[in-house]
């Protein structure tokens with residue numbers, strides 16, 4: 001019969017002692033730990049890199065959204081402002097007649113065509129090769145045969161897109177009002193051009209008793225938007241007194257083609 005001391009010694013002797021366990025870094029166990037440490041380091045570097053990219057993107061957006069004051073006499077501000085304005089008319093803002101929304105996208109096509117007309121260049125107006133070949137009269141009046149009788153569809157489309165962006169198209173069934181009352185350009189498919197007709201013998205507007213003074217008093221940029229602020233003063237010519245003052249804000253947005261499109265006009269005061 002074995003003694004209990006002998007059995008205990010045999011059991012202890014058959015098991016590995018704590019001091020006999022291989023140290024870390026030696027054998028298979030150490031290699032696995034090194035691989036794990038390497039993976040953790042690589043993952044940490046990747047996470048840090050992603051965080052830096054995200055921070056850079058949001059930081060860039062934050063800088064782009066900063067409100068910046070612009071020089072009111074700069075070429076950008078002046079070109080945007082004059083492209084959507086009629087300084088000669090004695091009926092201010094007649095191109096927005098009947099509009100309820102400040103957003104240009106909601107404007108009637110007729111009023112959009114007025115803005116395209118106002119943005120035409122002097123060289124876009126042409127004489128007719130032969131006025132006798134054109135219809136002499138229609139619903140809009142009699143044919144006007146002068147050095148501004150013809151505007152090609154191509155030039156109208158160019159002007160339209162310069163104002164509203166390159167993703168829009170011109171509807172040729174909509175005529176172009178050249179002024180509040182008398183003159184209208186009507187599309188002629190045979191000549192692929194707009195032809196001028198007048199409803200009255202006097203194609204000039206009557207002299208107004210008011211003087212309209214327009215002034216850009218502020219311009220700002222924020223992100224892809226440019227805001228131009230205008231003050232209109234209406235003066236009575238005979239008395240020299242100010243009849244009315246109002247303020248408007250024009251907004252333009254930079255498109256994918258790096259050209260600003262007209263998006264809204266709001267009366268702010």
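The values are calculated or read from the model by the stated rules, or taken from the named source; none is laboratory data. Predicted, not measured: the structure shown is a model, and the values here were computed from it. Cβ atoms come from the backbone with ideal geometry, glycine included; neighbour counts cover every protein chain shown.
Can you find a residue in region 124-138 that is within 30 Å of residue 265 (Cα to Cα), modelled with pLDDT of 95 or more and over 26 Å from the mean Cα position of the chain (by Cα)?
yes
Do any strands (runs of 3 or more DSSP E) lying entirely in region 156-269 carry at least 1 residues that are touching a strand residue (DSSP E or B) at 6+ places or on another chain (Cβ under 9 Å) and more than 21 Å from residue 85 (Cβ to Cβ), and which ones are they?
In region 156-269, the matching strands (runs of 3 or more DSSP E) lie at 183-188, 193-198, 210-222, 225-236.
Answer with yes or no whether residue 86 is within 16 Å of residue 265 (Cα to Cα) and in a loop (DSSP other than H, G, I, E, B).
Yes; evaluated as a whole, the condition is true for this residue.
Among the residues of region 168-187, is there at least one that is free of Cβ contacts under 8 Å to residues at least 12 places away in the same chain and in contact with a helix residue (DSSP H, G or I) (Cβ under 8 Å, 6 or more places away or on another chain)?
There is at least one residue in region 168-187 that is free of Cβ contacts under 8 Å to residues at least 12 places away in the same chain and in contact with a helix residue (DSSP H, G or I) (Cβ under 8 Å, 6 or more places away or on another chain).
Among the residues of region 171-188, how many are under 25 Å from residue 259 (Cβ atoms) and surrounded by fewer than 19 Cβ atoms within 10 Å (Cβ to Cβ)?
The total comes to 3.
Out of the residues in region 51-79 that are modelled with pLDDT of 65 or more and more than 25 Å from residue 261 (Cα to Cα), state the one that is nearest to the chain's Cα centre (by Cα).
53
For residue 132, which of the numbered conditions (1) touching a strand residue (DSSP E or B) at 6+ places or on another chain (Cβ under 8 Å); (2) more than 29 Å from residue 259 (Cα to Cα) fails to hold?
(1)
So, in region 94-115, of the ones that are within 21 Å of the chain's Cα centre (by Cα) and part of a loop (DSSP other than H, G, I, E, B), which residue ends up surrounded by the fewest Cβ atoms within 10 Å (Cβ to Cβ)?
100
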